[in-house]
Amino acid sequence: MSVAFVPDWLRGKAEVNQETIQRLLEENDQLIRCIVEYQNKGRANECVQYQHVLHRNLIYLATIADANPT
């Protein structure tokens, strides 16, 4: 399960810190590797779920970056 996935009742309460961002980046690395592996095997349909999680993670990271003035 993606670390970016947070139940509704916890949204806005999670602390965004360097560790959380690093975990997301590592998860994205793994997701990209899985997607490439499936594509290389000609199984593009199987990568759709990984692409959705990767997209969600990237949107989450972009939101954090936009909210951070530095």
Mind listing whichever residues of region 51-64 are of a type outside the set (D, E, K, R) and either open to solvent by 60 Å² or more (accessible area, probe 1.4 Å) or not in a helix (DSSP H, G or I) (or both)?
-> GLN51, HIS52, HIS55, LEU58, ILE59, TYR60, THR63
What pairs can you find where one residue is in region 8-25 and modelled with pLDDT under 90 and open to solvent by less than 80 Å² (accessible area, probe 1.4 Å), the other is assigned to a helix (DSSP H, G or I) and not aliphatic (A, V, I, L, M), and their Cβ atoms are less than 9 Å apart, with a gap of 6+ or different chains?
-> ALA14/THR20
The residue that is farthest from ASN68 (Cα to Cα), considering only those in region 26-52 that are modelled with pLDDT under 95 and of a type in the set (A, V, I, L, M), is ALA44
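The values are calculated or read from the model by the stated rules, or taken from the named source; none is laboratory data. Values in this document were obtained by computation on a predicted structure and should not be read as measured data. Backbone-built Cβ (ideal geometry, glycine too); neighbour counts: all protein chains shown. When the accessible area is computed, the model is the full protein with side chains, heavy atoms only, and any ligands, DNA or RNA have been set aside. Shrake-Rupley method; radii C 1.70, N 1.55, O 1.52, S 1.80 Å.
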